[in-house]
Amino acid sequence: MTHRPGGTGARGPKRPWTDTDVATLAQLKSAHTPTAEVARHLGRTFASVELKVTALRARGALPLGRCPIRVHRPLEAAVTAKAEGPRTRVWEEHTRTITVDSTCTPRHAWKIYYHELAHVALDDSGLSNGIQDDLVEALCDALSVARMREKFG
């Protein structure tokens, strides 16, 4: 059996989420408690808690949470390179983290940040679910260029 680190790893019969479970989950996640700790507290698997958090956020019943920015050197060590070349950024929806390669110039890092922040907005709003990937990328590029013009003229 495989499971995510920090999860309970226990598998058993599925049990429905009670109102008390959901209220406890909402309270813990609103206090920015790590998902693994929430899973242990509720006696559930990491995956089960992640799925419930995603569903609650989609319904607007749970705040979207923080979106930390991480600078990583080199990014290729953390993220598999795409076929067209090494990646300089990534938006990880499940951890709500934007990672930017530290070898970028400051101006390029800002452009990357704005592009990835557009992904956050599209994902959080649910718009990216109904749009083809190439259009999502074009929208993110357009928003990042607009923000760059605001910042740098």
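No lab work stands behind these numbers, since they all come straight from the coordinates. Please read all numbers here as calculations on a predicted model, not as lab measurements. Note that we place each Cβ from the backbone using ideal geometry, even for glycine, and neighbour counts take in every protein chain shown.
Descriptive notes on the structure:
- Each Lys or Arg adds one and each Asp or Glu subtracts one; over the other residues with Cβ under 14 Å from the Cβ of Lys52, this totals +3.
- Normalised per residue, the volume of the convex hull around the Cα set of the range 19-58 (Å³): 58 Å³
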